[in-house]
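I have placed the structure first, in the form of structure tokens, so that the comments after it can refer back to it.
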Amino acid sequence: MTGSPHHGGAASGGTPARRRSLNVPRSHHFRGSLGRFATGVAIVTFDGTTKRHGITVNSFTSVSMDPPLVLVSIARSTTAHDELAGRPFTVNILGAEQRQLAMHFAGRPVDEPLWVEGVSAPRLGNVLAYFECTPWAAYDGGDHTLYLGEVQDFNYRKGDALAYANSSFTTIPEDQLGMEDLL
Ligand SMILES: Cc1cc2nc3c(=O)[nH]c(=O)nc-3n(C[C@H](O)[C@H](O)[C@H](O)COP(=O)(O)O)c2cc1C
């Protein structure tokens, strides 16, 4: 990887207090509280050693403009987790009509999706936007790892966005003026 810290950089280690986990009702409440934060929905795609991976995420965050960096938080328990370390990946942002695709890569496979061979990493066809990344850094995030990628290629199309809030999919219509049009 280029850039700075890999696993365990600034966020490694931790005091016993930081490692304390929540009891079950608190953890349910914690999830519910986090779920009130409305997000988009994305799929991280990449080629592993023996197979092509895709994992649905809503933890996508833009991090930096210069250099252009984005972040996804991946659970250590997922099959994608270990293989993603040090590999190029694409963040595919989903459109409103792509709920099935979101579920496909969240453990409910349906038909094989349309793949596109990207320059840095494989991506999915017809998505609302995509960011092809080379690995930048990976930080310890408790039972997740924060993977930062440096964006090498990106694009978007017109269309409504798929969103996720209160544990449900919803839609954000395109026909609202964005800040980029107002500034
Ligand atoms: C809307 C939505 C958002 C999700 N966001 C994340 C996420 O940000 N990080 C993550 O590790 N898993 C996330 N998941 C769960 C993974 O998609 C799911 O655990 C994955 O299918 C595991 O793949 P595996 O069974 O191959 O390990 C999300 C699932 C859904 C439906």
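The values are calculated or read from the model by the stated rules, or taken from the named source; none is laboratory data. All values reported here derive from a predicted model rather than from experimental measurement. Cβ atoms come from the backbone with ideal geometry, glycine included; neighbour counts cover every protein chain shown.
What to note about this one:
- Cβ-Cβ distances below 6 Å connect the following pairs, each with a first residue in the range 57-68 that is at pLDDT 95 or above, a second residue that is away from the ligand (no atom under 16 Å from the Cβ), and a separation of six or more residues or different chains: 63/69; 67/150; 68/151.
- Failed item in (1) more than 16 Å from the ligand (Cβ to nearest atom); (2) in contact with a helix residue (DSSP H, G or I) (Cβ under 9 Å, 6 or more places away or on another chain); (3) in a strand (DSSP E or B), with residue 138 passing the rest: (1)
- Residues (near the ligand (Cβ under 7 Å from one of its atoms) and small (Gly, Ala, Ser)) located in the range 69-96: 73, 75, 77, 80
- Residue ID - nearest to residue 169 (Cα to Cα), chosen from residues in the range 97-112 that are within 14 Å of the ligand (Cβ to nearest atom) and either among the β-branched types (Val, Ile, Thr) or assigned to a loop (DSSP other than H, G, I, E, B) (or both): 98
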